[in-house]
Amino acid sequence: MSHAALPTLFLSHGSPMWALEPGASGPALTHWAEGLRERLAADGQPLRGIVLMSPHWMARQPAVMTNAQPATWHDFGGFPEPLYRLQYPAPGAPALAEQVLGLLQAAGVPAVPDAQRPLDHGAWVPLMHLFPQANVPVVQVALPASAGPREVFAMGQALAGLRNEGVLVIGSGSMTHNLGEFFSGMPQQDDPAAAYANEFSRWIEDVVARADVDALLDYRVRAPHAVRAHPTEEHFLPIFFALGAAGWGSDAAVAPNYLTREIMYRYLAMDAFALA
């Protein structure tokens, strides 16, 4: 059944502690998702599922989660004990996963199924804010270890049609992700933002709003503080997954609707935006 196209979403999942310390960004995502579900209910359009890419699942070969009940994986260490008690028991969606596999393979992406994959914290932490009832089926897509911006963008483009079938496509990454600075300073949640984090984030916002595909694909050269914001780029790449699925860069693409521009713990830009 064809429906009105859903937006796609890029969000920054920050520290695992975001699950317990939501700041302003957690409620912003909750409010946005409530509005989405209200609109869908008014239109008689069910939310069929979520297809999400997180940098915490990197694989040598593109892969898709196919299990029916993925576990909640606490894939981190050294955090307070209450964080490890959190669970996000959202169901999987094997039929949707098979469709994702088919679309990727048809686009020349040699994706394979993974029936054992759990939900990593790049998925379940933000989903706790978006859909706290954990009642929307989730399919994760692995980030290929060898992929760059163009390859991830193409993966998103291959899945663009899912937006017309009640599927919310999400790229979960981080707008900035310099853990060396984060752990060397051990900042507090409400410390003043580092200037470079804001300058990089606002450059990205401007380029996305102008649909300047070439500039964004070449962000490591063109963006201010790009290498400082992302010493390695795996946490930035999911933005291309979301943009590709949105049809961003085409004549029909629209400016991003920002949910939050919060910077937490001085260095972690929590930018999140939707594209209709």
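A quick yes/no check of all residues on (1) surrounded by 14 or more Cβ atoms within 10 Å (Cβ to Cβ); (2) free of Cβ contacts under 8 Å to residues at least 40 places away in the same chain; (3) not charged (D, E, K, R):
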position	(1), (2), (3)
F131	yes, no, yes
V138	yes, no, yes
A142	yes, no, yes
M175	yes, no, yes
G180	no, no, yes
F183	no, yes, yes
Y196	yes, yes, yes
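Looking only at region 198-212, residues that are touching a residue at least 24 places away in the same chain (Cβ under 8 Å) and outside any helix (DSSP H, G or I) come to 1 in all.
Pairing each residue of region 22-37 that is within 10 Å of T260 (Cβ to Cβ) with any residue that is open to solvent by less than 50 Å² (accessible area, probe 1.4 Å) and of a type in the set (S, T, Y), provided the two are 6+ apart or on different chains, yields C-beta distances under 6 Å for S25/T260; A28/T260.
Conditions tested, residue by residue: (1) open to solvent by less than 50 Å² (accessible area, probe 1.4 Å); (2) among the charged types (D, E, K, R); (3) at pLDDT 95 or above.
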position	(1), (2), (3)
I204	yes, no, yes
Y219	yes, no, yes
V227	no, no, yes
E234	yes, yes, yes
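Scanning region 92-104 for residues that are surrounded by 15 or more Cβ atoms within 10 Å (Cβ to Cβ) and either part of a helix (DSSP H, G or I) or charged (D, E, K, R) (or both) returns P94, L96, A97, Q99, V100, L101, L103, L104. Is region 42-54 home to any residue that is outside any loop (DSSP other than H, G, I, E, B) and over 22 Å from F241 (Cα atoms)? Among the residues of region 42-54, at least one is outside any loop (DSSP other than H, G, I, E, B) and over 22 Å from F241 (Cα atoms), which makes the answer yes. Only a single criterion out of (1) closer than 14 Å to F200 by Cα; (2) open to solvent by less than 10 Å² (accessible area, probe 1.4 Å); (3) in contact (Cβ under 8 Å) with a residue 40 or more places away in the chain is not satisfied by A215, namely (3).
Just one residue in the set P113, P89, P126, P70 is part of a loop (DSSP other than H, G, I, E, B) and surrounded by 14 or more Cβ atoms within 10 Å (Cβ to Cβ); that residue is P70. Can you tell me which of (1) closer than 23 Å to Q87 by Cβ; (2) surrounded by fewer than 23 Cβ atoms within 10 Å (Cβ to Cβ); (3) in contact with a Leu (Cβ under 7 Å, 6 or more places away or on another chain); (4) not aromatic (F, W, Y) is the one V51 doesn't meet? Looking at each condition in turn, V51 falls short on (2). Taking the criterion of being part of a helix (DSSP H, G or I), in contact with a strand residue (DSSP E or B) (Cβ under 8 Å, 6 or more places away or on another chain) and open to solvent by 20 Å² or more (accessible area, probe 1.4 Å), the only residue of region 144-159 that qualifies is E151.
The values are calculated or read from the model by the stated rules, or taken from the named source; none is laboratory data. Worth saying up front: this structure is predicted, and the values here are computed from it rather than measured. Don't worry about glycine lacking a Cβ; one is built from the backbone with ideal geometry, like all the others, and counts go over all protein chains shown. Please note that ligands, DNA and RNA were not included when accessible areas were found on the heavy atoms of the full protein model with its side chains. Shrake-Rupley method; radii C 1.70, N 1.55, O 1.52, S 1.80 Å.
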